[in-house]
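Written below as structure tokens is the structure these notes are about.
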Amino acid sequence: MSDDGDKNPQEQFKELIKSGVSAANIGLQKVQTTYHGWQEPISLTKKSIEEHSAIAMETVKTVYQKRKQYNVQIIGGSTLMTGGYLLLRRGKIAGAFGAAVGAGAAYSVVYDEFPPIDIEKMLPNIIFGKKDE
């Protein structure tokens, strides 16, 4: 006869519970191992992005604050970049128009033709959407 027939129903039920608990523990161990395998690279990447974003934000603030010291370079560079790109892609007329638009936009930023932008207040609204208060 087999061993299963010799056991009473209570012992069989206990064995069934033990095997169920063991299977659940093995499954949870695999889930935990997988979770920790993904958690570390994601957290390191997030930390790296946060650090680089903070450095980039400080650079942008510094350049914006010193924009009037380099007005000719900023306006000239914007003119050449937009005009040159459109000249190469679309032709002479589009290049001239692009240069004029680029110069006008750069001039308006350098000489405060538009009210200054508070990047720290606007950036969360741009990224996460405006919150209703």
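Where does each of V31, V109 land when they are ranked from fewest to most other beta-carbon atoms within 10 angstrom?
Working: V31 10, V109 18.
Placing the least packed residue first, the sequence is V31, V109.
On average, how much area does the Cα convex hull of the range 10-65 cover when viewed from any direction, in nm²? Can you show the working numbers first?
Numbers: hull surface 19.0 nm².
The number I arrive at for the range 10-65 is 4.7 nm².
Can you list the GluC sites (Glu not before Pro) in the range 53-124 that are in a DSSP coil and have 11 or fewer other beta carbons within 10 angstrom?
Sites meeting the loop and neighbour criteria: E113.
What is the Rg over Rh value, at two decimals, for the range 18-107, using alpha-carbon atoms and the Kirkwood definition of Rh? Can you show the working numbers first?
Values: Rg = 26.8 Å, Rh = 17.9 Å.
Result for the range 18-107 is an Rg/Rh of 1.50.
Every number in this text was worked out from the coordinates using simple rules, so none of it is lab data. Predicted, not measured: the structure shown is a model, and the values here were computed from it. Cβ sites come from the backbone with ideal geometry, for glycine too, and all protein chains shown count toward neighbours.
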